[in-house]
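Report on the structure given below.
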There are 4 protein chains.
Amino acid sequence: MSATSTPPTTEPPEPPAPRARSGNRRDEAARLAVLHAADDLLAEQGFAALTVEAIARRAGVAKQTIYRWWPSKVEILLDTLIEDSAKTLPVPADRPTAAAVRGYLHDFARFLDRDPAGKVLLTLLAQAQHDPGTAASLHRRHLGPRRAQERAWLAAAADAGELAPALDLDAVLDALTGPLVYAAMTGAPARPELVDTLVDRLLAPRG
Amino acid sequence: MSATSTPPTTEPPEPPAPRARSGNRRDEAARLAVLHAADDLLAEQGFAALTVEAIARRAGVAKQTIYRWWPSKVEILLDTLIEDSAKTLPVPADRPTAAAVRGYLHDFARFLDRDPAGKVLLTLLAQAQHDPGTAASLHRRHLGPRRAQERAWLAAAADAGELAPALDLDAVLDALTGPLVYAAMTGAPARPELVDTLVDRLLAPRG
Amino acid sequence: MSATSTPPTTEPPEPPAPRARSGNRRDEAARLAVLHAADDLLAEQGFAALTVEAIARRAGVAKQTIYRWWPSKVEILLDTLIEDSAKTLPVPADRPTAAAVRGYLHDFARFLDRDPAGKVLLTLLAQAQHDPGTAASLHRRHLGPRRAQERAWLAAAADAGELAPALDLDAVLDALTGPLVYAAMTGAPARPELVDTLVDRLLAPRG
Amino acid sequence: MSATSTPPTTEPPEPPAPRARSGNRRDEAARLAVLHAADDLLAEQGFAALTVEAIARRAGVAKQTIYRWWPSKVEILLDTLIEDSAKTLPVPADRPTAAAVRGYLHDFARFLDRDPAGKVLLTLLAQAQHDPGTAASLHRRHLGPRRAQERAWLAAAADAGELAPALDLDAVLDALTGPLVYAAMTGAPARPELVDTLVDRLLAPRG
DNA sequence: GCGTAAGCGAGACGGTACGTCTGGTCTTCCT
DNA sequence: AGGAAGACCAGACGTACCGTCTCGCTTACGC
């Protein structure tokens with residue numbers, strides 16, 4: 001379960017217990033309740049059920065509370081994605097070895113296939129096709145920063161002679177992650193050998 | 001302009017000229033008007049503007065006419081995608097050479113970047129993330145048949161010794177098309193050298 | 001019960017039976033359901049409960065159907081008032097005698113005190129104090145036409161020598177009905193001798 | 001301008017200057033600011049704009065300050081009505097002559113037509129139709145005490161032989177004030193001859 | 001003179017209703 | 001028969017107020 005989701009032992013459709021009010025400070029419990037509710041609704045009922053009204057109902061929160069803090073439901077998902085992916089799938093910063101890169105890509109494949117936050121990423125990528133605002137937010141707040149970290153990490157590995165990227169790093173990262181994302185989007189199961197082959201052919205020093 | 005779209009000399013926002021009525025046979029003119037209208041609306045205004053009412057209005061057709069023949073607007077897009085991609089980007093069946101494969105992938109990259117039908121494909125892939133029904137239709141009517149043709153074509157090329165695929169053909173096709181789709185989805189410009197590198201590293205017989 | 005209300009044997013809080021759809025003509029059943037629901041809600045729960053959402057819920061009608069045909073809930077009440085008062089309290093047109101005038105005023109007092117439509121009139125008069133639009137509609141559609149009929153009727157009685165109005169007819173009508181309305185508004189019980197005295201002192205030819 | 005309103009030279013929409021804080025005693029300045037704001041809002045924008053939030057905003061006061069001291073906005077209006085009507089339209093207590101009664105009624109008609117506090121009375125009478133709580137407060141705090149004074153005053157005049165009421169005093173008072181209130185409620189202009197005729201026919205000793 | 005108590009402005013909170021919008025269904029009329 | 005027209009139910013949209021609550025501050029009182 002993703003980091004912002006309620007533990008699996010709790011009851012999705014129960015009346016949310018009344019939280020203590022916070023006065024004139026932002027209520028962290030309300031913020032978390034919204035993120036959890038959005039996460040859970042997406043996982044359980046799909047994107048079509050992810051309406052502001054449903055999130056508010058499930059979180060035990062007023063619609064106005066959501067509109068006060070988030071400009072759209074997409075930004076709610078983006079918040080959950082950022083918080084969850086930082087915990088579940090951090091970009092390594094310290095071990096620029098070939099094996100570490102391979103491991104990171106395996107983790108990424110598993111993230112897309114199994115982690116609810118992976119579904120959130122696919123959902124946001126999809127929504128970005130429909131809405132330029134989503135595309136901009138997704139790049140600015142998630143894809144851009146993450147890609148920058150990945151690029152720096154790969155560059156360090158290349159400098160260390162661990163890797164010999166076949167192309168510029170952005171193109172290589174597209175070539176490595178693109179197949180995983182595309183497979184996840186078309187419902188294909190995870191294929192570990194795909195990751196291994198990609199790393200071998202696109203990153204490994206030849207011969 | 002995609003094959004089902006009105007030629008550029010015609011007027012998108014004009015009052016649609018009254019078509020001759022067809023009596024008790026399905027009206028082919030109405031069918032085409034719907035496909036054109038959907039195509040044009042998606043290209044001009046984006047997915048959010050692609051409502052059944054807008055399509056009906058633009059096509060000069062009753063909503064009921066659309067609901068009678070298509071279960072959803074997704075199926076309309078699928079119809080245009082199938083008809084257009086068959087014309088614009090046919091899977092070659094005759095020349096199983098390495099160069100032909102490379103050319104096909106370059107064509108595919110250009111299709112995603114420039115052809116309105118490429119945008120339709122991205123839109124349907126996106127919608128498939130939101131709606132399992134779309135995912136099923138997209139596979140059954142487009143991705144599945146096309147992938148079968150591509151697989152057969154690559155198999156012929158491999159048999160002919162033109163290629164030495166690094167993995168099973170489905171995985172290789174994901175590895176080849178995935179980066180192109182992912183790049184198009186994240187707004188990256190077309191990179192011909194990406195295609196070349198992918199073909200070299202994943203398909204070329206190792207020298 | 002007022003004319004547009006459901007008979008007392010029917011069930012207020014039951015799920016409204018699905019009505020037959022009307023196609024592209026206005027649905028008279030929906031119109032009546034709205035009028036009944038508004039009438040009943042006002043009588044049972046008061047003006048505060050008379051929300052468009054509650055009317056729609058009770059009538060088994062979509063909110064849009066209400067907004068399509070009525071610019072505001074006030075116009076719904078005005079419709080019920082006009083239909084009901086035409087049946088319950090018609091302005092006599094035929095017997096311009098002093099006794100008939102006295103009887104009409106007694107009927108008016110009873111209408112205000114007991115008829116649900118009397119409550120509707122008081123409600124609309126009240127709402128007219130809050131909203132100029134209500135005031136205008138109330139005058140144009142109810143008070144104006146009704147006052148014109150009453151004036152003509154009194155004029156005929158005066159011509160016949162039955163009455164000797166103490167003032168111009170509009171002022172006399174204010175003097176006759178004003179006390180009844182004011183008493184009803186302040187919750188006073190009906191006082192028959194008030195009507196009799198008013199008629200004696202303001203209309204009767206001085207003996 | 002009514003007694004609780006800001007002088008006309010002040011600017012309604014400017015940022016209210018911060019008042020000195022009062023410590024743990026009730027802040028009279030805040031109390032007056034609320035009464036003024038309510039009065040002004042009602043006069044300028046009508047009842048619909050008279051929300052607690054708007055009063056608080058305009059008075060430069062926290063909502064909680066309003067809810068601490070008034071159970072509802074109706075009670076705010078009632079406070080202004082009581083204070084203003086005691087100044088603008090006191091019930092005479094000393095000169096129980098026929099002419100004084102006639103003068104009081106003329107004053108009352110002018111109060112309804114021109115004084116902002118007259119609008120407040122009409123507003124509260126209207127609101128009493130919608131809300132039993134308002135009706136009770138209006139009677140208990142304004143209509144009841146005032147009617148008692150008027151009754152006593154008329155009784156003194158009758159005892160003195162100045163008047164010969166046609167009915168019990170409450171009914172006579174309804175008959176005298178009802179037409180004036182009803183005319184004001186339906187937007188009729190003041191008619192001095194109406195007052196004179198009512199006094200003549202309902203109060204004057206029959207010559 | 002310092003703690004306690006209350007009033008204050010501010011503003012977040014869970015709610016309800018608003019009036020608008022679109023989707024998908026249904027019926028009637030017309031060609 | 002089939003297309004055009006449009007009314008219908010359903011329900012999400014984003015906004016405005018409701019009345020409650022807590023916060024951090026300020027002032028007055030009493031020990």
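The values are calculated or read from the model by the stated rules, or taken from the named source; none is laboratory data. Small disclaimer: the values here were computed from a predicted structure and weren't measured. Note: ideal-geometry Cβ built from the backbone for every residue, glycine included; neighbour counts use all protein chains shown.
Residue by residue through region D:24-46, note down the ones that are surrounded by fewer than 19 Cβ atoms within 10 Å (Cβ to Cβ), away from DNA strand E (no atom under 11 Å from the Cβ) and part of a helix (DSSP H, G or I).
D:Ala43, D:Glu44, D:Gln45
Name the single residue, out of those in region C:189-207 being part of a helix (DSSP H, G or I) and facing another protein chain (nearest Cβ under 7 Å), that is surrounded by the most Cβ atoms within 10 Å (Cβ to Cβ).
Of region C:189-207, the ones part of a helix (DSSP H, G or I) are C:192-202.
Right, trim to facing another protein chain (nearest Cβ under 7 Å) and you get C:193-194, C:197-198, C:201-202.
On the way: C:Glu193: 11, C:Leu194: 24, C:Thr197: 20, C:Leu198: 28, C:Arg201: 20, C:Leu202: 23.
This residue is C:Leu198.
Tell me, yes or no, whether region A:31-47 has at least one residue that is at pLDDT 55 or above, more than 14 Å from chain B (Cβ to nearest Cβ) and within 12 Å of DNA strand F (Cβ to nearest atom). Break it down into steps so the answer makes sense when it comes.
At the first step, the residues of region A:31-47 found to be at pLDDT 55 or above are A:31-47.
Subsequent filtering for residues that are more than 14 Å from chain B (Cβ to nearest Cβ) retains A:31-40.
Pick out the ones that are also within 12 Å of DNA strand F (Cβ to nearest atom) and you get A:38.
Yes: region A:31-47 contains one or more residues that are at pLDDT 55 or above, more than 14 Å from chain B (Cβ to nearest Cβ) and within 12 Å of DNA strand F (Cβ to nearest atom).
I'd like to check something: does region D:90-98 contain any residue that is within 16 Å of DNA strand E (Cβ to nearest atom), in a loop (DSSP other than H, G, I, E, B) and away from every other protein chain (no Cβ under 14 Å)? Before the answer, list the steps.
To start, the set of residues in region D:90-98 that are within 16 Å of DNA strand E (Cβ to nearest atom) comprises none.
Scanning region D:90-98, I find no residue that is within 16 Å of DNA strand E (Cβ to nearest atom), in a loop (DSSP other than H, G, I, E, B) and away from every other protein chain (no Cβ under 14 Å), so the answer is no.
Which count do you get for residues in region D:67-86 that are within 16 Å of DNA strand E (Cβ to nearest atom), in a helix (DSSP H, G or I) and of a type outside the set (D, E, K, R)?
Going residue by residue through region D:67-86, those that are within 16 Å of DNA strand E (Cβ to nearest atom) are D:67-73, D:75-76, D:79.
Going one step further and asking which of them are in a helix (DSSP H, G or I), we end up with D:67-69, D:73, D:75-76, D:79.
Those left that are additionally of a type outside the set (D, E, K, R): D:67, D:69, D:76.
Result for region D:67-86: 3.
Which of the numbered conditions does B:Ala157 fail, given that it passes all the others? Conditions: (1) within 19 Å of B:Val181 (Cα to Cα); (2) of a type in the set (A, V, I, L, M); (3) buried (at least 16 other Cβ atoms within 10 Å of the Cβ); (4) out of contact with any Gly (no Cβ under 6 Å at 6 or more places or on another chain).
(1)
Name the residue, out of A:Arg151, A:Arg140, that is basic (Lys, Arg), closer than 20 Å to A:Leu105 by Cα and in the same structural domain as A:Asp79 (by TED's automatic domain parsing).
When all the criteria are applied, what remains is A:Arg151.
Consider region A:68-78. How many of its residues are closer than 18 Å to A:Asn24 by Cβ and surrounded by 12 or more Cβ atoms within 10 Å (Cβ to Cβ)?
At the first step, the residues of region A:68-78 found to be closer than 18 Å to A:Asn24 by Cβ are A:68-69.
Cutting the leftovers down to surrounded by 12 or more Cβ atoms within 10 Å (Cβ to Cβ) gives us A:69.
Residues in region A:68-78 being closer than 18 Å to A:Asn24 by Cβ and surrounded by 12 or more Cβ atoms within 10 Å (Cβ to Cβ): 1 in total.
Out of (1) under 19 Å from the mean Cα position of the chain (by Cα); (2) under 30 Å from C:Asp131 (Cβ atoms), the odd one out for D:Ala148 is which?
The number of the failed condition is (2).
Considering region B:162-171 alone, what residues qualify as being at the interface with another protein chain (Cβ under 7 Å from one of its Cβ atoms) and crowded, with 19+ Cβ neighbours inside 10 Å? Lay out the reasoning, then the answer.
So in region B:162-171, the residues at the interface with another protein chain (Cβ under 7 Å from one of its Cβ atoms) come out as B:166-167, B:171.
Within region B:162-171, B:Ala166, B:Ala171 qualify.
May I ask you to list the residues in region B:51-66 that are within 6 Å of DNA strand F (Cβ to nearest atom) and outside any loop (DSSP other than H, G, I, E, B)?
So in region B:51-66, the residues within 6 Å of DNA strand F (Cβ to nearest atom) come out as B:60-65.
Residues satisfying the conditions are B:Lys63, B:Gln64, B:Thr65.
Among the residues of region D:115-141, which ones are more than 11 Å from chain C (Cβ to nearest Cβ) and in contact (Cβ under 8 Å) with a residue 12 or more places away in the chain?
D:Asp115, D:Pro116, D:Ala117, D:Gly118, D:Ser137, D:Arg141
Could you check, for region C:150-161, whether at least one of its residues is within 12 Å of chain D (Cβ to nearest Cβ) and modelled with pLDDT of 95 or more?
Restricting attention to region C:150-161, the residues satisfying the condition of being within 12 Å of chain D (Cβ to nearest Cβ) are none.
Within region C:150-161 (the criterion being within 12 Å of chain D (Cβ to nearest Cβ) and modelled with pLDDT of 95 or more), the answer is no, since none of the residues qualifies.
Can you tell me which residues in region D:172-188 are of a type outside the set (Val, Ile, Thr) and either farther than 17 Å from D:Val199 by Cα or within 7 Å of chain C (Cβ to nearest Cβ) (or both)?
Filtering region D:172-188 down to residues of a type outside the set (Val, Ile, Thr) leaves D:173-176, D:178-180, D:182-185, D:187-188.
Result: D:Asp174, D:Ala175, D:Gly178, D:Pro179, D:Tyr182, D:Ala183, D:Ala184, D:Met185, D:Gly187, D:Ala188.
Applying the selection to region A:81-102, what residues are under 18 Å from A:Gly161 (Cα atoms) and of a type in the set (Gly, Ala, Ser)?
A:Ala93, A:Ala98, A:Ala99, A:Ala100
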